[in-house]
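Taken together, the values in this text are just the output of simple stated rules run on the coordinates, not laboratory data. None of these values were measured; they are calculated from a predicted model. Cβ placement follows ideal geometry from the backbone for every residue including glycine, while neighbour counts extend to all protein chains displayed.
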Amino acid sequence: MSEQKITTFLWFDHQAEEAARFYTSLFADSRIVEVQRYGDVGPGKAGSVMTVVFELGGQRYVALNGGPLFPFTEAISLQVNCDDQAEVDRLWAALTEGGGQESDCGWLKDRYGLSWQITPRRLMELLGDPDRAGAQRAMQAMLRMRKIDIRTLEDAYADAAGSGPAS
């Protein structure tokens, strides 16, 4: 595999290795590539984890233990395109477990404060459908959701009266 030209760099307080191990446990084609430790010069304690290079679904990331100076915000998120409701449900449960927080429209923050968008592919298909009225009904239903429910989206899309069930 050729080296990736652009890599997402994630700043953690002190949980870089823990987070990387957690994330790689959730996705196929994922692994820890390398762990680098601080030396005597610092700024971290000698021997403690400085960076963790890891891959999620073949995409490379670097996690840094940089201290509490720069916490995550919703200004950046990782979007996961899910094939079905089972994948949405599995990832939603895993990423919100242990202190994660649900948000609106398929967004959540994990226990480390990193924002994720758990997005079923079907949502994007419905929103991009040539039937603009159906697409708008699906959008209205999505706007009332936290975790995306594909069946509810499809019901709203199909409901010409626009009164499909909300989740």
Quiz item: Using alpha-carbon positions, what is the distance between the centroids of segment 1-76 and segment 96-166, in Å?
Solution: 30 Å
Quiz item: Which lysines, on any chain, are close to residue 109 with Cα under 18 Å apart, when same-chain ones fewer than 8 places away are left out?
Solution: 147
Self-check item: segment 21-60 shape via C-alpha gyration tensor axes, a/c threshold 1.5
Solution: prolate
Quiz item: Among (i) -0.57, -0.67, -1.03; (ii) -0.56, -0.64, -0.92; (iii) -0.70, -0.78, -1.01, which one is log10 I(q)/I(0) by the Debye sum over Cα atoms at q = 0.13, 0.14, 0.17 Å⁻¹ computed from these coordinates?
Solution: (iii)
Quiz item: Farthest toward the dipole's positive end in the chain, which of 95, 145, 48, given Cβ charges of +1 (Lys, Arg) and -1 (Asp, Glu) about the Cα centre?
Solution: 48
Exercise. Quick one: order 76, 150, 118, 6 by neighbouring beta-carbon count within 10 Å, fewest to most.
Key: 6, 76, 150, 118
Quiz prompt | Percentage relative contact order, the chain, counting C-alpha pairs under 8 Å, at least six apart | solution = 17 percent
Quiz item: Percent antiparallel among DSSP beta bridges with both residues in the chain, to the nearest 5?
Solution: 60 percent
Self-check item: For 119, 73, order by how many other beta-carbon atoms lie within 10 Å, fewest first
Solution: 73, 119
